[in-house]
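Just below is one structure, and these are the notes that go with it.
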């Protein structure tokens, strides 16, 4: 489930253990009213399986999961490699721009995952909370353009940028997302 971005929480594992014990008609000390394995069983299970640990997953939207696959990544790097070979861009002229939404509410619960993995993800509902969009851009040699933060408001309040990086541009849009006019303003 972890590899499919649907990591199981401790409650999911306890519920599965209860259901399996019931289906196999095994004698067990689990709670029949809650239909859950007891916490001590989960602790023992994790001790018996040292390759598993409790981890905090990175929230990953379903659209990112669907778009990030081997054929798409291979296609990108094939096109990108061709352009780099054709034009021989120096590092100072090679830039990467990204926009990212930062939500202010949702944090997924910890999930049981394999030890040794650098990142654990879990699908989340992108509609929870308010999202602030941040546009960032950095060159291959380490130069950067100050970011733009787009808040879900009707009008921009300078107080929202308090404590931000020097040169940060603030903007407002009804839904907090970027659009062509805000992108041009940032650029």
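Values computed for the structure shown
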{"quantity": "Theoretical ellipticity at 222 nm over the chain - DSSP helices of four or more residues, -39500 (n - 2.57) apiece, nearest 500", "calculated": "-9000 deg cm²/dmol"}
{"quantity": "Pairwise label distance in nanometres, residue 58 with residue 130, each label 7 Å out on the Cα-Cβ vector", "calculated": "2.6"}
{"quantity": "In degrees, nearest ten, helix 70-87 long axis to first principal axis of the chain (Cα)", "calculated": "20"}
{"quantity": "Cα centroid separation, the stretch 117-180 to the stretch 48-103 (Å)", "calculated": "18"}
{"quantity": "Per-peptide average of other Cβ atoms within 10 Å, ordering 49-61, 154-166 highest first", "calculated": "49-61, 154-166"}
{"quantity": "Footprinting exposure proxy for 73, 134 (fewest neighbouring C-beta atoms within 10 Å first)", "calculated": "73, 134"}
{"quantity": "FRET efficiency, residue 11 to residue 118 (Cβ-Cβ, R0 41 Å, nearest 0.05)", "calculated": "0.95"}
{"quantity": "Relative contact order computed over the stretch 51-186 (Cα-Cα under 8 Å; 6+ residues apart), in percent", "calculated": "25"}
{"quantity": "Value in Å of the Kirkwood radius, where the stretch 51-186 supplies the Cα pairs that are averaged", "calculated": "17.8"}
{"quantity": "Cα-projected label distance for residue 79 with residue 157, points at 7 Å along beta-carbon direction, nm", "calculated": "4.1"}
{"quantity": "Spin-label pair residue 94/residue 66, simplified geometry with 7 Å Cα→Cβ offset, distance in nm", "calculated": "3.2"}
{"quantity": "Helix 39-48 axis, angle to the chain major axis (alpha carbon atoms, nearest 10°)", "calculated": "80"}
{"quantity": "Antiparallel DSSP beta bridges within the chain, percent to nearest 5", "calculated": "75"}
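Read-outs: derived from the displayed coordinates by stated rules, not from any lab. Here the structure is a predicted model, which means the values were calculated and not measured. When we count neighbours, we look across all protein chains shown, and the Cβ atoms used for this are built from the backbone with ideal geometry, even at glycine.
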